[in-house]
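For reference, the structure is listed below as structure tokens.
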Amino acid sequence: MAYGRNIKEILYGGDYNPEQWPQEVWEEDICLMKKAHINIVTLNTFSWAALQPSENNYCFEMLDKIMELVSKNGLKVCMATSTGAHPAWMAKSHPDILRTDFNGIKRKFGGRHNSCPNNPTYRMYAAKLACMLAKRYKDYNNIVAWHISNEFGGECYCENCEQAFRQWLKKRFKTIDELNRVFHTSFWGHTFYDWNEVVLPNLQSEHFLTDNGERTMFQGITLEYRRFMSESMSECFQLEYQEIKKEMPDIPITTNLMGFYKPLDYQKWAKEMDFISWDSYPEPTDTPAETALRHDLMRGIKNQESFVLMEQTPSVTNWQPYNRLKRPGEMRLLSYQAVAHGADAIQFFQIRRSIGACEKFHGAVIDHAGRDDTRVFREVEQLGRELNQLGDVFLEGHTPSETALFFDWDNWWALEYSAGPSIRMKYLDAIRDYYTAAFESNVPVDIIGIDDEFDSYKVILAPLLYMTKPSMDEKLRKFVKNGGIFVTTYFSGIVDDHDLVIQGGYPGKLRDILGIWVEENDALPEGEENSFIYKRNLYPAKILCDLLHLEGAEALSVYKQDFYQKMPVITKNQFGQGYAYYVGTRSNSEFYHEFMKDIFSEANVLETMVTPKGVEATIRIKGDREILFLMNHNKESKRITLNNDYGDLLSGKKYQVGNSIEIEGRGVFVLLKQIEKCL
């Protein structure tokens, strides 16, 4: 269970900031929370200035009153540490605590996440505050989790970080000769003779801006700085974590992640967290598959099968260019999609809408009107009632998946820092291509990393696997030899974990597994395409076209145009008892749907259920219970034929195999396969 103290219900609530309101409002809010079936609040998220008004003065009276009130009213608490924004006095007394921007400008007090993660003063005060909070509130039995800081992020390029980076490099590479090797400093005469000659990679040194965005002249240095900065922030998390654990060792600790957040390697962060929580804010243009992909990433990074949806808006965001309202039923639909993909708690930012500053127009359960008859409040109340009815039926349930999608932050960083071959080549685009094809076929997918085991899967997808880390090729070689199906794509197997090109021809260490040799890569400008035929249908070849030769593999398709027409574009290689596929270009959604349908058929991977387009079918299994979530992402209703006997956990109705049910636009069914155990 993600939250502690033997929780037997779905936790439902969100961020509550009573310090922004007079005390007479608190009682009103509690009454409204109870009406909405809210049973948990996250408290103290940004209260550092109130808790520590000066260097040696701490004040907990207000938080004491808040804790007494929520405890008296039976609300559980996820206690935050407030360290995401330091007080103004701290910046004035200790200016070295402030971050330096990417362009080398030292910041003044303002915003949040403005503390240098390698500053000893910040680290000391943050850990001290976490310790004092844990000591003061450790006897409250309604604290079910701790929440450190809030949405760790950003970066710093100050002198603290430069000195710490040099020490980090020295510890990592031991000798200056090894540092020069992995950075390939013989290029452009960049050889270092002393550790203190290393400078941070920013706009003052290795980076530059072009019409096409930011580039770096030494990708290896920038890659290491990305690793270093992610670790530096993780160390800040760990310092607070250790202080809390001294006082409350049995209460789980988290911080809210942000899906595919590029600056921080969440696969490494997950190792330090007791459970995963994250903030889901899909944009209006996001597809259901894109939202599901982010849920599955969060579900997979710690192998816990579940996570906490720490934040979502009940209605509207405030930071997008056009902050469109969630349509009636959309919040409920997105909440159930999170549950279907592993969420064991549903929470909102925020409970009451702020009246000032940058989030005053961000949605909330309780709007500025303070009423319980708004559309948003009624929808929150309805969902709360349903989740209360469902109880613990799916808590800690797992998603049965025979397909895995490989994702790696180092690969993401290195690929997109590379100078060439195309600025249009984006890692997440390739990931979405393959995930969406599986999603639209209702095939469940696990998102895995280099440290996860491969053997339990039938299919492993690794698009744009530019970097081959140590052990990756051996794990894949074993997987395919033992009967697995491996699929990778253009521009894979190019570099090692230091972003140094693997000699001997592309795709490097994957060459024998794939049975091919890639000689060149043709980057196509926007508006230009090649093409190929797959199963009698013509598909586009876009972004990049690999010019490859067969070394044991068979060609399933060839290019139709240009000087490399008739060269292979899609190949299949038998390797041991399994097969390895290579797709040497990027195509369109129709191709990926058709291609992946064939892959799943060959591997005998079955879809959860055949449904109309736009209707998602997802399963969670808990013990002998199999819970099917049917979610209609269309505006109009759709009809579905059931493939088993089911009981409706929300209405109590029973259905037999072959029955046809109609699901309204943005509607949801939660069905239990074992009818006799229906609620």
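Listed values, structure above:
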item	result
LEU383 being modelled with pLDDT of 95 or more, in a helix (DSSP H, G or I) and either buried (at least 20 other Cβ atoms within 10 Å of the Cβ) or not basic (Lys, Arg) (or both)	yes
Flag if LEU606 is at pLDDT below 95, among the hydrophobic types (A, V, I, L, M, F, W, C) and either farther than 17 Å from PHE394 by Cα or in a strand (DSSP E or B) (or both)	yes
Pairs, first within 19 Å of ALA541 (Cβ to Cβ) and surrounded by fewer than 19 Cβ atoms within 10 Å (Cβ to Cβ) in the stretch 509-525, second modelled with pLDDT of 95 or more and of a type in the set (Val, Ile, Thr), C-beta under 8 Å, six or more apart	ALA523/ILE543
Conditions (1) in a loop (DSSP other than H, G, I, E, B); (2) under 22 Å from LEU11 (Cβ atoms); (3) of a type outside the set (A, V, I, L, M); (4) in contact (Cβ under 8 Å) with a residue 60 or more places away in the chain; number of the one not met by PHE260	(2)
Single residue of the stretch 445-486 satisfying the filter (closer than 19 Å to ASN303 by Cβ and touching a Leu at 6+ places or on another chain (Cβ under 6 Å)) that is surrounded by the most Cβ atoms within 10 Å (Cβ to Cβ)	LEU461
When residues of the stretch 414-444 are limited to those that are among the charged types (D, E, K, R) and touching a helix residue (DSSP H, G or I) at 6+ places or on another chain (Cβ under 9 Å), the one surrounded by the fewest Cβ atoms within 10 Å (Cβ to Cβ)	LYS426
All positions within the stretch 396-448 that are touching a Ser or Thr at 6+ places or on another chain (Cβ under 8 Å), assigned to a helix (DSSP H, G or I) and farther than 30 Å from GLU214 by Cβ	ALA437, ALA438
Subset of the stretch 435-454 [more than 15 Å from ARG294 (Cα to Cα) and either aromatic (Phe, Trp, Tyr) or modelled with pLDDT under 95 (or both)]	PHE454
Top-ranked residue in the stretch 138-157 [being hydrophobic (A, V, I, L, M, F, W, C) and part of a loop (DSSP other than H, G, I, E, B); ranked as surrounded by the fewest Cβ atoms within 10 Å (Cβ to Cβ)]	PHE152
Selection count, the stretch 205-245, where residues are part of a helix (DSSP H, G or I), under 19 Å from PHE165 (Cβ atoms) and of a type in the set (D, E, K, R)	5
Restricting the stretch 614-654 to residues that are touching a Pro at 6+ places or on another chain (Cβ under 9 Å) and among the hydrophobic types (A, V, I, L, M, F, W, C), the residue that is nearest to PHE669 (Cα to Cα)	MET631
Residue in the stretch 48-58 that is within 25 Å of ILE7 (Cβ to Cβ) and touching a Leu at 6+ places or on another chain (Cβ under 8 Å) present	no
Residue within the stretch 185-204 that is touching a residue at least 60 places away in the same chain (Cβ under 8 Å), surrounded by fewer than 18 Cβ atoms within 10 Å (Cβ to Cβ) and outside the structural domain of GLU247 (by TED's automatic domain parsing) present	yes
Residue count for the stretch 110-129, restricted to those that are modelled with pLDDT of 95 or more and either assigned to a loop (DSSP other than H, G, I, E, B) or under 16 Å from MET233 (Cα atoms) (or both)	13
Scope the stretch 327-352; condition among the charged types (D, E, K, R) and surrounded by 23 or more Cβ atoms within 10 Å (Cβ to Cβ); matching residues	ASP344, ARG352
Qualifying positions in the stretch 120-137 - of a type outside the set (Ser, Thr, Tyr) and surrounded by 15 or more Cβ atoms within 10 Å (Cβ to Cβ)	ARG123, ALA126, ALA127, LYS128, LEU129, ALA130, CYS131, MET132, LEU133, ALA134, ARG136
Filter result for the condition that a residue is buried (at least 18 other Cβ atoms within 10 Å of the Cβ), in contact (Cβ under 8 Å) with a residue 24 or more places away in the chain and in contact with an Asp or Glu (Cβ under 9 Å, 6 or more places away or on another chain), over HIS633, HIS593	HIS633
So THR313, is it more than 21 Å from SER401 (Cα to Cα), of a type in the set (Val, Ile, Thr) and surrounded by fewer than 22 Cβ atoms within 10 Å (Cβ to Cβ)	no
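The values are calculated or read from the model by the stated rules, or taken from the named source; none is laboratory data. Predicted, not measured: the structure shown is a model, and the values here were computed from it. FYI the Cβ positions are ideal-geometry reconstructions off the backbone, even for glycines, and counts take in every protein chain you see.
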